[in-house]
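What follows is a single structure, written as C-alpha cells, with notes after it.
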Amino acid sequence: MSVFAMPKLNLSHHDNNPVFNQGPQSEQLEQLMSPHFERPALRLTPSPYISEKNLAKRWDKLSPLTDRDALLDPVTEQQAELYNKNIEHFIGTVKLPVGLAGPLRVNGLHANGDYFIPLATTEAALVASYNRGSQLITAAGGASAMLLNEGVTRTPVFEFQNLADAGQFVAWVVTQYDHFKQVAESTTSHGQLHDININIEGNHVYLIFEFHTGDASGQNMVTIATNEVFNYILDHSPISPQDAFLDGNLSGDKKPNAHTLRHVRGKKVTAEIQLTRELVEKYLHTTPEQMVKFGQMTTTGAALSGSIGVNAHYANALAALYIACGQDAACVSESAIGITRMELNKQGGLYACVTLPNLMVGTVGGGTHLPSQKACLELMGLLGTGKAKALAEVAAVLCLAGELSIVGAFCAGHFSRAHQKLAR
C-alpha cells in the first residue's frame, strides 16, 4: 500500500471493531438514539439564586447521587451568599490544591519585588517546574517586565443592503466618536472608550470598540457599554441596517487569534532575563547553546503546526494562576498566545524573553472578591485598585520562568523523568 493511500472501510467485516462487536443491534440503536419526550426525572429549582431554601431544595435531589460535604462543606455553606453574583444554581465549591512557586523577583514598571505565586492545579510537576524557573530568575537578579499597552474590545457588526449603504453608514459613524464615548461611559465609572476602528467587508461593517477598563478584567463592563452605543446606533443611524448583532466575532474574545500578536487585548506585556552560563548549568543542567538550539527547532515545529505565536506552555502558568486568583479561566484560550525567544548573549550566556499581548487579568470585580481567590491575590499583595498592571507583569515573568524550566528539562533529558517522579 502506498504511504499516501487511505484504507477502505469495509462494514461487512467488523469482527475486530468493538463498536459493531459489542454494541446494540439496529432496532435497539434506533430506540436508543431517537428523541425522547417524557418529563425529565432530574429538575433544577426555578430560581437560580443562592438562599438557604434553594440550597436545601437542590441537595434534596442531589444527596442520593453524591457526597454533599465534598461540595458543600460547612465553611462553603456559611459563605454561600458571597457567591451570588458569580454563579447560578449554586451547589457548593470544588476544592483544587494550591501550591506556591517562588520567590519570583520581578523588576517591572508596576510590579517590583519578590513574589510567592499561588498556582491552583491538579497536574503534578507543574508547580515544581515554575518554582525552579522562579528561583533561577531570582538568582539572576530578577526579570525585567514592561506593560506595553492595554485595551479590551467588543465588535458589533451591521449588515446593509449594499456597499453604498455601508459607506454612508461609515461616513456617519466617523462623525459620532465623541457622542459614542459619552454614551458608553455613562454606563461605567471606570471604563473609558479609547478608540473605534472600522472594518468593511462587502455590505458588512464591523465597529471595533476598544476600552480601557482600569483594574477590572473588563469583559462585562465593555459588553454593557458597547450595548448602550449599539442601541443608540440602531435608534439614530441615518442608514438603517438590515441586521445587526452586538458582537461580530472580530474581538477575539476567548478565542486564539493572530490579530493581537501585533495589537493588544487585555494587557500586553513583555519580560526578559539575562542568564550566565553558570546559572543555566546549575539550575537547568544544560547549556545556553542547547536551549537556543531547542528554541530554533521547536519554532520550526510551531510553524509546521500552524501555531499562532511560539511558546512552550504559557497555558499551564496562566490556567493555574487564573483559577487561583479569580480570573476568567476561559480567557486562557487567548491569553496563552505569545512569543518566547532565546538567544546567546555576548557573554556566552542566555538571553530569554516572552511577549504576551492578551493577558486578561484584573484585581477588582469578577471572581477576585471570593474568599479563596481574594486570599491568593492578598498573598501576592495584588488585590484591589491600582494593582492590575502589576499582576499582568507578574504573570508574564511567571510564564518566562516556566519557559526556562521546561526548555531546560527537555534539553537535559529530565522532562519525562520529572513527571514519573512526581506524578506516579
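Observations, loosely collected:
- Scan of the range 94-107 for residues that are of a type outside the set (A, V, I, L, M) and open to solvent by 30 Å² or more (accessible area, probe 1.4 Å), ordered by number: Lys95, Pro97, Pro103, Arg105, Asn107
- When Val397 is tested against (1) closer than 30 Å to Asn257 by Cβ; (2) free of Cβ contacts under 8 Å to residues at least 40 places away in the same chain, just one condition goes unmet, and that condition is (2).
- Meets criteria (of a type outside the set (A, V, I, L, M) and surrounded by fewer than 19 Cβ atoms within 10 Å (Cβ to Cβ)) for Asn358: no
- Counting only residues that are under 20 Å from the mean Cα position of the chain (by Cα) and either part of a helix (DSSP H, G or I) or closer than 20 Å to His212 by Cβ (or both), the range 267-283 holds 4 of them.
- Of the helices (runs of 4 or more DSSP H) lying entirely inside the range 63-140, those containing at least 2 residues that are more than 21 Å from Gly366 (Cα to Cα) and touching a strand residue (DSSP E or B) at 6+ places or on another chain (Cβ under 9 Å) are 126-139.
- Among residues of the range 365-390, those that are part of a loop (DSSP other than H, G, I, E, B) and over 12 Å from Ile323 (Cβ atoms), counted: 11
- Looking only at the range 289-334, and only at residues there that are part of a loop (DSSP other than H, G, I, E, B), at pLDDT 95 or above and of a type in the set (S, T, N, Q), the one that is surrounded by the most Cβ atoms within 10 Å (Cβ to Cβ): Gln327
- Here Ala225, Ala258 are screened, and the one residue that is of a type in the set (Gly, Ala, Ser) and open to solvent by 20 Å² or more (accessible area, probe 1.4 Å) is Ala258.
- Boolean, Ile91 is surrounded by 13 or more Cβ atoms within 10 Å (Cβ to Cβ), more than 17 Å from Gln373 (Cα to Cα), within 29 Å of the chain's Cα centre (by Cα) and at pLDDT 95 or above: yes
- Extreme residue, farthest from Thr287 (Cα to Cα), among residues of the range 335-354 that are polar (S, T, N, Q) and open to solvent by less than 40 Å² (accessible area, probe 1.4 Å): Ser335
- With respect to the stated conditions, Asp247 fails to be of a type in the set (Asp, Glu) and surrounded by fewer than 17 Cβ atoms within 10 Å (Cβ to Cβ).
- Of residues in the range 45-57 being out of contact with any Ser or Thr (no Cβ under 6 Å at 6 or more places or on another chain), at pLDDT 90 or above and not small (Gly, Ala, Ser), the one surrounded by the fewest Cβ atoms within 10 Å (Cβ to Cβ): Pro46
- Residue among Leu383, Leu377, Leu422 that is under 19 Å from Val98 (Cα atoms) and in contact with a Cys (Cβ under 7 Å, 6 or more places away or on another chain): Leu377
- Which listed residue, of Val152, Val222, Val205, is closer than 21 Å to Ser333 by Cβ, in contact with a helix residue (DSSP H, G or I) (Cβ under 8 Å, 6 or more places away or on another chain) and touching a residue at least 40 places away in the same chain (Cβ under 8 Å): Val152
- Total residues in the range 361-375, condition surrounded by 24 or more Cβ atoms within 10 Å (Cβ to Cβ) and farther than 16 Å from Val332 by Cα: 2
- Any hit, the range 309-323, residues being of a type in the set (S, T, N, Q) and out of contact with any helix residue (DSSP H, G or I) (no Cβ under 9 Å at 6 or more places or on another chain): no
- Residue that is farthest from the chain's Cα centre (by Cα) [pool: residues in the range 108-124 that are crowded, with 20+ Cβ neighbours inside 10 Å and of a type in the set (A, V, I, L, M)]: Ala111
- Residue within the range 16-39 that is under 18 Å from His89 (Cα atoms), at pLDDT below 95, assigned to a loop (DSSP other than H, G, I, E, B) and open to solvent by 80 Å² or more (accessible area, probe 1.4 Å) present: no
The values are calculated or read from the model by the stated rules, or taken from the named source; none is laboratory data. All values reported here derive from a predicted model rather than from experimental measurement. Virtual Cβ from ideal backbone geometry, glycine too; neighbours counted across all protein chains shown. The accessibility values were calculated without ligands, DNA or RNA, using every heavy atom of the protein model including side chains. Shrake-Rupley method; radii C 1.70, N 1.55, O 1.52, S 1.80 Å.
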